[in-house]
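Please treat every number below as a calculation from the coordinates, not as lab data. The structure displayed is predicted, hence computed values, not measured ones. Every residue, glycine as well, gets a Cβ built from its backbone with ideal geometry; the counts of neighbours run over all protein chains shown.
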Amino acid sequence: MIAIGKLTPADRAAWEALFRAYLDFYGRDEPQETYDTAWRAFQEDTRVHALGARLDGELVGITHYFAHPNTSGPDVCYLQDLFTDPRARRKGVGEALITAVVGWAEERGCSRVYWSTHETNATARALYDRVADYRGFIRYQIELPR
């Protein structure tokens, strides 16, 4: 059975390993400060939020999300990061995490939950195509200096 819940201080090392694997998947190499800052924010649980998925007590999946204003209606929820340990894939972990975020967003009156993934992420897209609507949007971004 999959258990979804907030991350506790005891989850720090396992969370960081999963988050590093997520960023590695997208070819990103972040300094330790990135992980430290994110962890502090998730523990504060005010602006950005995190959940973990456990199988047999082991943290095997994470998601990071937040609500933000929407100019054309109620607030919306952005599911920014979702990662499942490869050993736990196809066991319902990703779907359970998405379902938990959707429940959180519904409780707060958000009008939708949305996210993006890379077009080559076939494993994730198989899940996403089952649980959500692809609306055809293409994302652009401009990196700013830090």
By the scheme Lys and Arg +1, Asp and Glu -1, what is the net charge of all other residues having a beta-carbon under 14 Å from that of Glu95?
+4
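Pop the C-beta distance of Tyr26 and Thr46 into the FRET formula with R0 = 25 Å and round what comes out to the nearest 0.05.
Values: r = 26 Å, r/R0 = 1.04.
For R0 = 25 Å, the calculated efficiency reads 0.45.
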What whole number of Å gives the distance from the Cα centroid of segment 111-146 to the Cα centroid of segment 1-37?
20
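Sorting check: for 25-36, 51-62, 87-98, 67-78, which peptide has the highest mean count of neighbouring beta carbons within 10 Å, and how do the rest follow? Could the numbers behind the result be given before it?
Values: 25-36: 10.7, 51-62: 19.3, 87-98: 17.8, 67-78: 12.9.
Packing order, densest peptide first, comes out as 51-62, 87-98, 67-78, 25-36.
For the chain, what proportion of DSSP beta bridges, expressed in % and rounded to the nearest 5, is antiparallel?
Details: 21 of 23 bridges.
Taking every DSSP beta bridge within the chain, about 90 percent pair in antiparallel fashion.
Grab the beta carbon distance between Ile142 and Thr8, set R0 = 41 Å, and tell me the FRET efficiency rounded to 0.05. Show your work: numbers first, answer last.
Details: r = 36 Å, r/R0 = 0.89.
The value I calculate is 0.65.
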Amide H contacts under 5 Å for Asn70, restricted to residues at least 5 apart in sequence or on another chain and with H modeled in the peptide plane, are Asp75, Val76
Size-normalised alpha-carbon gyration radius of the chain, reference 2.2 N^0.38 Å:
1.03
Gain in length, Thr99 to Glu16, computed as 0.36 nm per residue apart minus the alpha-carbon separation, to one decimal in nm?
27.6 nm
Taking θ = phi - 60°, what integer Hz values does the Karplus form 6.51 cos²θ - 1.76 cosθ + 1.60 yield along segment 57-69, in sequence order, with x for Gly and Pro?
x, 9, 5, 10, x, 9, 9, 10, 7, 7, 9, 8, x
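For the chain, what is the calculated [θ] at 222 nm in deg cm²/dmol (nearest 500), taking -39500 (n - 2.57) for each run of four or more DSSP H residues and dividing by its residue count? Write out the running numbers ahead of the final one.
Working: 4 runs with 52 residues, N = 146.
Mean residue ellipticity, 222 nm, calculated: -11500 deg cm²/dmol.
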